[in-house]
Amino acid sequence: MKTPMRMREKIVLRVVAQACIPFILLFALYVQFHGDFGPGGGFQAGVICAAGFILYGLIFGLDKLKKVASLRTIEILVAAGLLLYGAVGLVTMGMGGDFLDYKVLDHHDPMHGLHYGILFVELGVGITVTAAMLAIFYAFAGRERG
Amino acid sequence: MPFPIEALLFLFLLATAVVIARLRDLFAAAMLTGIFSLLSAGLFTLMDAVDVAFTEAAVGAGIATVLMLGTLALTAKHENQQPTRILPFVVVVLTGAALIYGTLDMPPYGSPGTGPEPAAGNAVIHHWVAPDYIKGAEEEFGLPNIVTAVLASYRGYDTFGETAVIFTAAVGVMLLLVRGRKREDEEQAPENSR
């Protein structure tokens, strides 16, 4: 993509992006882990997290972004998120419940088990969505014109 | 009365849509689709659908605009002048009219659906599993956000399937568009592959 090459020279964009990106990622984590008490959840958090990475890629170039999150990492993460989701279901089965029956996760308080289950499942969704969005961005931004 | 602000947002939405359809400058059109999504997100917020608004703002106004700009970098900046065709216009108008006709059967916006029977004007959705979900999210889960309780637990299987869909989409994109390029990169710079 031609645009990032020109953008990299703009000092204002670079400084503002550097200031924004940590807060975007922090906000993504907030949306991720606070999703059961406020608006949001794994999907929204994943998209916001990916947006932070994509902003980095737009301003500093795709090569630098690939140093942070290589294609290999993305490939692994896309599958890891889905596997985490499925693993929660298998663990609940192993602990004597149904598939994705989170109540069995905590022997003392079923409500805590529910919260653990939702937390891990949403984390799985978040990981997969972040990686999928970055994969799509790589696919578009990495292509040459012609 | 919350009506005027919603009417204003719909007016902006309509204006944006018309401008997008008429614009030949694709860069401006791509930016306007982002604004369109942001206005939709505002409308969803007014309807108390905060989670949907969140998604619309993040995906529609954020990622989709970036992807469209990325695509624009690969193609031309301006749309070619097309001769005005009457048939597509008729099809679009008929489809729109059919959709609006369909909404006439729907319960009025904000209908609470009081009473046990789904009578006229009472939304059926309020009589089925929704009351159990709304009560259960608070009593059984202790979660203030019902959407999360429904997504992750009541409809956990469905969300698992949706995650699988996202996974499949990412794998498809990587296989079709990224994989071949990666091999070229590895030939050029083998130390980057790990």
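The values are calculated or read from the model by the stated rules, or taken from the named source; none is laboratory data. No experiment lies behind these values; they were computed from the predicted model shown. Note that each Cβ is placed from the backbone with ideal geometry, even for glycine, and that neighbours are counted across all protein chains shown.
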Exercise for the section: Name, by its number, the condition in (1) at pLDDT 70 or above; (2) under 30 Å from B:Gly70 (Cα atoms); (3) basic (Lys, Arg) that does not hold for B:Arg183. Expected result: (1)
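When segment A:126-141 is examined, which residues are found to be within 12 Å of A:Thr73 (Cα to Cα) and more than 7 Å from every other protein chain (Cβ to nearest Cβ)?
Keep residues of segment A:126-141 that are within 12 Å of A:Thr73 (Cα to Cα), which gives A:127-128, A:130-132, A:134-135.
Once the filter is applied, which keeps residues that are within 12 Å of A:Thr73 (Cα to Cα) and more than 7 Å from every other protein chain (Cβ to nearest Cβ), segment A:126-141 yields A:Ile127, A:Thr130, A:Leu134.
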Handout entry: Filter pass, A:Leu82 being of a type outside the set (S, T, N, Q), under 13 Å from the mean Cα position of the chain (by Cα) and in a helix (DSSP H, G or I)
Key = yes
Handout entry: Set A:Leu114, A:Leu65, A:Leu25, A:Leu119: member being part of a helix (DSSP H, G or I), touching a residue at least 40 places away in the same chain (Cβ under 8 Å) and crowded, with 16+ Cβ neighbours inside 10 Å
Key = A:Leu119
Exercise for the section: Under 7 Å between Cβ atoms, at least 6 apart or on separate chains: pull out the pairs that start in segment A:40-59 with a residue that is without any contact (Cβ under 8 Å) to a residue 12 or more places away in the chain and end on any residue that is buried (at least 24 other Cβ atoms within 10 Å of the Cβ) and part of a helix (DSSP H, G or I). Expected result: A:Gly40/A:Val31; A:Gly40/B:Phe54
